[in-house]
Amino acid sequence: MEIKVLGPGCAKCKETEKLVREAVSEAGVTATVEKISDFQQIAGYGVFSTPAVVIDDEVKVVGKVPSKSDLLSWLKA
Amino acid sequence: MEPIGCKSCCAKKTVDEGPVTGKGKLARYLLLLAPSLIVWWLVYGMLPGFSRLLTYQVFGVAQGSHLGDSLEFLFYDTPKVLLLLTLVVFGVGIIRTFFTPERTRKVLAGKRESAGNVMAALLGIVTPFCSCSAVPLFIGFVTAGVPMGVTFSFLISAPMVNEIALVLLYGLLGWKVAALYLGTGLFVAILAGWVLGKLNLEPYVEDWVMKIRTDPSVVPVDEQTWTDRIEAGLRAVKDIVGKVWIYVVVGIAVGAGIHGYVPEGFMASIMGKGAWWSVPAAVLVGIPMYSNAAGIVPVVEALLGKGAALGTVLAFMMSVIALSLPEMVILRKVLKPRLILVFAGVVGLGILLVGYLFNAVIA
C-alpha cells in the first residue's frame, strides 16, 4: 500500500502525516508513507488545497485533516 | 498577514454513525444551543458593571487614575472580545462548511472580469482558505479557466477580510469601523484584482503551471450532515480561539497600557491627519511585519484613541495582514519575481488610496 501525504509543511500538513503514520501502525498494514511538498507534484494529482491524502493513487481527502477513524477505514478496506 | 500556520483550515473529523445516534446527537446539540446563547447574552451584558466592580471595589483602585483606566479597559475588553470571538468563529465555522475551494473554483471558472472579481472577493471571505494552500489554489484556479485577475481578487480578500479581524474591530471600535474595514477590504481586493487582470501578466507565471492538465472530478465530493456542520463550528472555536486567545489578551494588555498611560493626542503628531507622509509610511512599515489580526487590532484601537488618524491606521493594519513577505516568498514558486512585485505594488497602492481617502473624508 502506497500512501502519500500532500502538503508544503504547515502545521495541518504535519498533523496529517502524523495521524497517517499512527493509523498505519494501529491498523497493522504494510504501507509506505511519503510526504510530498513539491507543488508541481501536488498539482499533478489534481489536488488544489492542502493537506491531502492519496492511497494507492486514489485521492481520499482534500483540504482538511482527516479523522483517525476515516484513515483506519480506508486502510482496512 | 497571518504567519504561515493554517488558521482557518478545516480540521474536520467525521464520525461514522447510524441514523438513530446521528439524530440523537443533533437533537442534543440543538437543545443546548438556545440556553447557551442566552447565557452568552447575559454574561455579555454584565461585563461593563463587572469590570468596574473588579477594578474599583475589589482592587480598590482610585477612579480616574491611570491604573484605574487601564484595568477597567482590560477587565471589560478581554472577556468581551473573547466572547464575541467564540460566537463569530462558531458561526463562521458553520458557514464555511457550505463552501469548499473546489466549489468556488467551479463557480468562478470562465466568469468574466468585473463580475468575477466581485464574486471572487466575496467568496474569499467565506471559503475556507489556508495560507499554505495559496499556491495549490492558484494553480487550481488558473488551470480551471478562472481569469488571473479574478484569482488575485480571491487571494487578496481571503487573508485580508477575515472574521477574527472583523470581530475584534467590532468589539473594540464599533460596527462602523468594522463595516468600513469589510467594505474597503473588498474594494481593494476587487480593484487590485481587476487592475492586475488588465495588465496581462500571464507570461509572468512560471511555465510549468500552465502545462498542468488534470481531471478535476478526481477529488472526492464531501457530504455533510447538520451534526457534522455543528461539530465543525465547535472544532473551529477550539482550534482558532484556542490558538489566538493569548494574542488577544496580550494585545488588549498593550492597548490597556496605551489607553491608561499615553497622553491623548500623542499619536496625532506621528500618525495624525496632518502628517501626509504617515499613510505611505504606514503601508511600508506593514509589509515586513506579519501578525495575526487578533494581536494587532487592540493595538490599533489604542493608537486610534490617542489621536492617530483612521485612514493611516487602517492602511497599516491592511498592509500588515495582506502584504506579507513570507507569503510572497511562497508565491515565488508559481509567480515570477516581476509579477510578485507588481502584485505587491498594486495592492499597496490600493491600500494607500484607502488610507488617504479615509483621512480626507472622516472628520
If you take the charge dipole of chain A about its Cα centre, with +1 on Lys and Arg Cβ and -1 on Asp and Glu Cβ, which of A:Gly9, A:Thr30, A:Val61 is farthest toward its positive end? A:Gly9
Compute the distance in nm between two label points, each set 7 Å from the Cα along the Cα-to-Cβ direction, one at B:Glu202 and one at B:Val254. 4.4
Give the long-range amide H neighbours of B:Leu335: residues separated by 5 or more places, or on another chain, with amide H under 5 Å away, using H modelled in the peptide plane at 1.01 Å from N. B:Glu206
To the nearest 0.05, what FRET efficiency results for B:Tyr56 and B:Leu33 with a Förster distance of 45 Å applied to their C-beta separation? 0.80
Of the beta bridges DSSP finds with both residues in chain A, what % are antiparallel, to the nearest 5? 60
Taking H placed 1.01 Å from N in the peptide plane, check which residues at least 5 places from A:Lys35 or on another chain put their amide H under 5 Å from its amide H. A:Val5
Explain nothing, just compute: Karplus ³J(HN,Hα) = 6.51 cos²θ - 1.76 cosθ + 1.60, θ = phi - 60°, for every residue of segment B:307-313 in order, whole Hz, x for Gly and Pro. x, 5, 6, 4, x, 4, 5
Fewest first, what order do B:Ser157, B:Ser278 take by the number of other Cβ atoms within 10 Å? B:Ser278, B:Ser157
In this structure, the FRET efficiency calculated for B:Val329 and A:Val29 from their beta-carbon separation, with R0 = 56 Å, to the nearest 0.05, is 0.90
What 222 nm value per residue comes from the helices of the protein assembly as shown, counting each DSSP H run with n ≥ 4 as -39,500 (n - 2.57) and dividing by all residues, nearest 500 deg cm²/dmol? -20500 deg cm²/dmol
So what are the ³J(HN,Hα) numbers for segment B:333-345, from phi and the Karplus equation (6.51, -1.76, 1.60; θ = phi - 60°), rounded to whole Hz, Gly and Pro as x? 5, 10, 10, 6, x, 4, 5, 4, 5, 4, 4, 4, x
For B:Arg338 and B:Trp40 in the same chain, what is the full-extension length gain: residue separation times 0.36 nm, less their Cα-Cα distance, in nm? 102.3 nm
In whole Hz, with x marking every Gly and Pro, tabulate ³J(HN,Hα) for segment B:23-29 from phi via Karplus 6.51 cos²θ - 1.76 cosθ + 1.60, θ = phi - 60°. 5, x, 5, 4, 4, 4, 4
Top mean-square fluctuation among B:Val209, B:Val347, B:Val39, Gaussian network model of chain B, C-alpha springs under 10 Å? B:Val39
If the elastic network links every pair of Cα atoms under 10 Å, which of A:Gly28, A:Gly63, A:Gly44 fluctuates the most in the Gaussian network model of chain A? A:Gly44
Take every Cα pair under 8 Å in chain B that's 6+ residues apart, average their separations, divide by the length, and report that relative contact order as a whole percent. 23
So what's the gap between the Cα centers of segment B:79-107 and segment A:1-50, to the nearest angstrom? 26
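Bear in mind that the values in this text are calculations on the coordinates, not laboratory data. Quantities reported herein were computed from a predicted structural model and do not represent experimental measurements. Glycine gets a Cβ as well: all are built from the backbone with ideal geometry, and neighbour counts include every protein chain shown.
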